[in-house]
1. Hey, rough spin-label estimate for residue 131 and residue 188, points 7 angstrom out along Cα→Cβ, what's it come to in nanometres?
2. For a protection proxy built on the mean count of beta-carbon atoms within 10 angstrom, sort 109-118, 68-77, 29-38 highest first, please.
3. Compute the relative contact order of the stretch 297-423 as a whole-number percentage, counting only Cα pairs closer than 8 Å that sit 6 or more residues apart in sequence.
4. Place +1 on the Cβ of every Lys and Arg and -1 on the Cβ of every Asp and Glu in the stretch 262-373, take the dipole about the Cα centre, and give the residue among 364, 307, 346 whose Cα lies farthest towards its positive end.
5. Take every DSSP beta bridge with both residues inside the chain and express the antiparallel ones as a percent of the total, to the nearest 5.
6. Quick check on the exposure proxy: order 357, 240 from fewest to most C-beta atoms within 10 angstrom.
7. For residue 365, enumerate residues with amide H under 5 Å from its amide H, sequence gap 5+ or separate chain, H modeled in the peptide plane.
8. Could you list 195, 417, 292 so that the one with the fewest beta carbons within 10 Å of its beta carbon is first and the one with the most is last?
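Every number in this text was worked out from the coordinates using simple rules, so none of it is lab data. All values derive from a computational prediction rather than experimental measurement. Cβ sites come from the backbone with ideal geometry, for glycine too, and all protein chains shown count toward neighbours.
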Amino acid sequence: MHAFSYINGQLQCENVALQNLADEHGTPLYVYSANTIVDHFQRLDQALASIDHEVAFAVKANSNLSVLRLLAQAGAGFDIVSGGELFRVIKAGGDPAHCTFAGVGKTREEIIYALQNNIYCFNVESEAELAYLNEVAAELGVIAPAAVRVNPNVDAKTHKYISTGKSENKFGIDFDAIGALYDKAASEWKNVRMRGLQMHIGSQLTSVKPFVEAVTKVKPLALSLKEKHQIEFWSIGGGIGIVYHDSLASGNPAWWSAQEVDAKPLSIEEYGAAVVPLLADVGLKILLEPGRYIVGNAGVLLTRCLYEKKGSAKTFKIVDAGMNDLIRPALYEGHHEIAPLKEYSGALVTADVVGPICESGDFFCQNREMPDFQPGDVIALLSAGAYGFVMASNYNTRPLPAEILVDGSRSKVVRKRQTLEDVIAGES
């Protein structure tokens, strides 16, 4: 379910016209659909209903407190990668006992904070980290729950910046070294308890094949660790892709961009049908760590066209959002469909949509055929709910945008727009 569609010629989020939100709150502006977020979580949860499992939302995808509260109330656990994300989960009403702490560079302060809050498990990414976790836990007089992230050396066939499961990636420990490390932990490190096993091969996967390959390869290892070290869970990671092309709920308007086409999107039903049978006889709790799938298509970034610049080589549509607001296109060639807030039926133009940042990489698309929106018009950059605001910055001393959460016919500000005074508040 995606809650963005044209109704009576106006692009809406659920039952709220986006033009009204832009007029009231200004632009750039992030808008999220509460019902889409909950629907995606529940569909994924239901797909794994036949096995012991927990869906742990990857907080790095969207860490707004209201989004986290929605998911906590729906029954989600949380996959965190910093002490700050744990702080957010707690503030949003989430339970630390349902938090797993991943990431390759956990600091002493973060480890202590997580231990004091009794998180479910640390997902450890190196032998050195496991030794240090044992050292810090010993100083506190506690036992730290741990799982090692195995690198299964499976190619997820995704962008190199979001591939994490190959041997040349910085994440995890080589498959062949896992057994010996668990043995060493059991014999030498008395302040860690090996509670599970974790893996994650990458993000934005649109085929079920890499998931099946990774689960099939790691399953014997998980069973061996269960028998020898009594682990209780196996986290199979996240990575389920979303539709970035053709992503309106009502289908494709006549003007829709067709220069690039996603592979057939991976449905949750297809994912469940392929993966669940492989996990049914493992006898371990299965953790899943989705982020993008739950929130990606649940958000848009609204931006207003400031100017049109026609040169000898190109036409540029210059908008008030920049790469500091949404960095995905500049960082890893991320595609976002562009939809005017008023349904369009005129001639198309080929143009670049660019922002005001003083960087050549500050663009949202290049050489794309699109509606000929004009200065003053507001457009929506679709599928911006994941890795959008969370990666925003104050580059060029630009205040962070506001965030709005829509639930049916209601909308509320869930983050106020920054002021210039907010931007410099910590400086002297």
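1. Label at residue 131, label at residue 188, 0.6 nm between them.
2. Going by the mean number of other Cβ atoms within 10 Å, highest first, we get 29-38, 68-77, 109-118.
3. With pairs under 8 Å counted, the relative contact order is 30 percent.
4. Of 364, 307, 346, it is 307.
5. Around 50 percent of the beta bridges assigned by DSSP in the chain are antiparallel ones.
6. On the way: 357 18, 240 25.
Ordered by Cβ neighbours within 10 Å, fewest first: 357, 240.
7. Hits under the 5 Å cutoff: 353.
8. Lowest to highest Cβ neighbour count: 417, 195, 292.
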